[in-house]
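A short write-up of the structure that comes next.
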Amino acid sequence: MGCAGFTCSKNSLCALNILYVMVSLLMIGIAAWGKCFGLVSSFQVVGGIIGVGVFLFFVALVGLIGAMKHHQVLLFFYMIILFLVFVVQFSVSSACLAINEEQQNHLLEVGWNNSLSTQRDVEKSLNCCGFSHMDVNGSCAAPCFHYSTCTTCAAKIQEHAGEVLRFVGGIGLFFSFTEILGVWLTYRYRNQKDPRANPSAFL
């Protein structure tokens, strides 16, 4: 039973961390692909996604090495980091699902005003100009600007923003539960004695 429980915990923890490695590489790859093909010109957005991907990759790597070697110190730090990530992600996911339309519009406008490169990306992809009003004497990346047929971006963004927030909140909530599962597995595995080790060794 001890050997079977130890092996089961080890395999489950390894599988979970392999999943995190795949997710992190996918995030890095999508961000780099979007930047290379000009889908996203904002360095802050790309850098943020890549940064989160790299962080997740290293956390997963620590968990994977700790699980493979049954390394007490690595498993302890992995458990603490994963719990902190769970708290942050659960809070953000809950906020995404609970945000009302007025707060959503305010956040969208703040985000719009803070980044010119994001404005250009949105105008180009949604074929609109300006957030709540269009400046005919200004510049705009949208094709419709040349024909003076543009509408403002606020309405178009708001059509998709609610769905995106619900999607992001749902995905974040799902992954936050896998993280608390990872914390529990790590705690359980860390306190099990390796059946292959010296029985008199201190764990």
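The values are calculated or read from the model by the stated rules, or taken from the named source; none is laboratory data. Note that the structure is predicted; figures quoted are calculated from it, not measured. We place every Cβ from the backbone using ideal geometry, glycine too, and count neighbours over all the protein chains shown. Heads up: the accessible areas ignore ligands, DNA and RNA and are worked out on the full protein's heavy atoms, side chains in. Shrake-Rupley method; radii C 1.70, N 1.55, O 1.52, S 1.80 Å.
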Test result for PHE145, open to solvent by less than 70 Å² (accessible area, probe 1.4 Å), modelled with pLDDT under 80 and either part of a helix (DSSP H, G or I) or of a type outside the set (S, T, N, Q) (or both):
yes
Considering only region 186-193, I want to know if a residue exists there that is modelled with pLDDT under 80, surrounded by 12 or more Cβ atoms within 10 Å (Cβ to Cβ), within 19 Å of ALA15 (Cα to Cα) and not acidic (Asp, Glu).
yes
Flagged in region 148-179 as surrounded by fewer than 15 Cβ atoms within 10 Å (Cβ to Cβ) and in contact with a helix residue (DSSP H, G or I) (Cβ under 6 Å, 6 or more places away or on another chain), in numbering order, are VAL168
Only one of SER132, SER125 that is out of contact with any Phe, Trp or Tyr (no Cβ under 7 Å at 6 or more places or on another chain), farther than 21 Å from GLY47 by Cβ and among the small types (Gly, Ala, Ser):
SER132
LEU203 open to solvent by 60 Å² or more (accessible area, probe 1.4 Å) and at pLDDT below 85
yes
